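Following: one structure in structure tokens, then a few remarks.
The values are calculated or read from the model by the stated rules, or taken from the named source; none is laboratory data. Values in this document were obtained by computation on a predicted structure and should not be read as measured data. Cβ coordinates were reconstructed from backbone atoms using ideal geometry, including for glycine residues, and neighbour counts include every protein chain displayed.
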Amino acid sequence: MDLRQMEYLVALADEQQFTRAAALCRVTQSGLSAAIRSLEDELGTTLFMRTTRRVEPTDAGLALLPFARSMLAEATAGRDAVVRASRELSGQLRVGAEQCLGIVDVPSLLERFRRRYPLVDIHFTQAGSHDLVAQVLDEELDVAFVATTEHLSRVTRTELGRWPVVLLCPPEHPLAASARVDWAQLRDLDFIDFQESWAVRSLNDAACAAQGVGRRVRCTVNDVHTLLDLVHRGLGVALVPQHVAAKPQAAGLVSVQLAANTAPQWVVSSVTGSPAAASAPPAARDPRRGAAPQRSGERHHHEGGQHRAGGVTRAGPVSHAPPAHGMLDR
């Protein structure tokens, strides 16, 4: 047994689906499946019961699960101790994220970063993805976790994962019994959706326009749980990323796939500022305005013998500091 297998075991037990577990672990589905089979062969028992709809731990899998979580926690604690002993960072790190990204657990990342770098002052902002990208370009944030592919030409972007969009409706809705729905069936329905600063709203608007679907957004919200509550109460249907339909608060609602190969993809990325964006005047750094002038060059700079990346300072004689998003990812 190794840590990689334990990570896959925990992710699969939590997600109960190979596709979602593989996305969380940033590995191919076949790679995750092979690792689980190898672990089962090593232990001589089946750890998961596989069906066409979900994957559930067996009694043996449930028995191993707490030890797997403990092994991962101990490994993380060990890495944190080494980092604290060998790297002294101070300064400020400004992080932003959209709510309920699913693919990345931002609060957990911030907790780990705080343990590893206790001298760094963390500032966290929650907002819609379009607003977060603008704040990165205006140098108000060092790193943001967003769910948009728009207006990213002037930032440094790392894709973390993606989900298809599905239709979410109450069980009594006429479309709830469908295995898939065509876009034409969505015409003239009442919809619940997010405010325009949320990436999923612009994604839904663009997809419906491309499919010739005119829709009525009757309720506009700024919170995932409020959206789910309104769908529960029959006030409309919603187009949401697949992981939202799997939340506990969505229990009792029906998730229906869109017509094959037509579902828009909800893409989660981390973004940081680019040298070109940093050189532009503030008015040019709004992603909804004109493009900033392009210029190459390193963003890291020296300040009194210390090296900085974003607002984080590494003390001592080092070659250069890692970028803020890299420290969060480790």
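Results, tabulated for the structure shown:
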| read-out | value |
| --- | --- |
| Residue selected from segment 105-123 under the condition of a type in the set (A, V, I, L, M, F, W, C) and over 30 Å from GLU15 (Cα atoms), by the criterion surrounded by the most Cβ atoms within 10 Å (Cβ to Cβ) | VAL120 |
| Selected residue (only one of GLN257, GLN265 is in contact with a Lys or Arg (Cβ under 8 Å, 6 or more places away or on another chain), surrounded by 14 or more Cβ atoms within 10 Å (Cβ to Cβ), more than 21 Å from GLY96 (Cβ to Cβ) and of a type in the set (S, T, N, Q)) | GLN257 |
| Top-ranked residue in segment 202-224 [being under 19 Å from the mean Cα position of the chain (by Cα) and surrounded by 15 or more Cβ atoms within 10 Å (Cβ to Cβ); ranked as farthest from ARG20 (Cα to Cα)] | SER202 |
| Within segment 1-90, helices (runs of 4 or more DSSP H) holding 1 or more residues that are more than 25 Å from the chain's Cα centre (by Cα) | 29-43, 59-86 |
| Checklist (1) in a loop (DSSP other than H, G, I, E, B); (2) at pLDDT below 90; (3) buried (at least 16 other Cβ atoms within 10 Å of the Cβ) applied to SER153, failing item | (3) |
| Some residue of segment 225-233 being farther than 30 Å from HIS123 by Cβ and either crowded, with 19+ Cβ neighbours inside 10 Å or in contact with a His (Cβ under 8 Å, 6 or more places away or on another chain) (or both) | yes |
| Members of segment 124-139 that are in contact with a helix residue (DSSP H, G or I) (Cβ under 6 Å, 6 or more places away or on another chain) and crowded, with 24+ Cβ neighbours inside 10 Å | SER129, LEU137 |
| Failed criterion for GLU159 (all others in (1) of a type in the set (Asp, Glu); (2) under 17 Å from the mean Cα position of the chain (by Cα); (3) part of a helix (DSSP H, G or I) hold) | (3) |
| Complete set of residues in segment 8-17 that are under 21 Å from ALA63 (Cβ atoms) and either out of contact with any helix residue (DSSP H, G or I) (no Cβ under 6 Å at 6 or more places or on another chain) or among the aromatic types (Phe, Trp, Tyr) (or both) | TYR8, ASP14, GLN16 |
| Check on ALA276, out of contact with any Asp or Glu (no Cβ under 7 Å at 6 or more places or on another chain), crowded, with 16+ Cβ neighbours inside 10 Å and at pLDDT below 90 | yes |
| Only listed residue being under 24 Å from GLU159 (Cβ atoms) and crowded, with 19+ Cβ neighbours inside 10 Å, chosen from LEU39, LEU64, LEU12, LEU47 | LEU12 |
| ASP142, sole failed condition from (1) at pLDDT below 90; (2) of a type outside the set (S, T, N, Q); (3) in contact with a helix residue (DSSP H, G or I) (Cβ under 7 Å, 6 or more places away or on another chain); (4) crowded, with 17+ Cβ neighbours inside 10 Å | (1) |
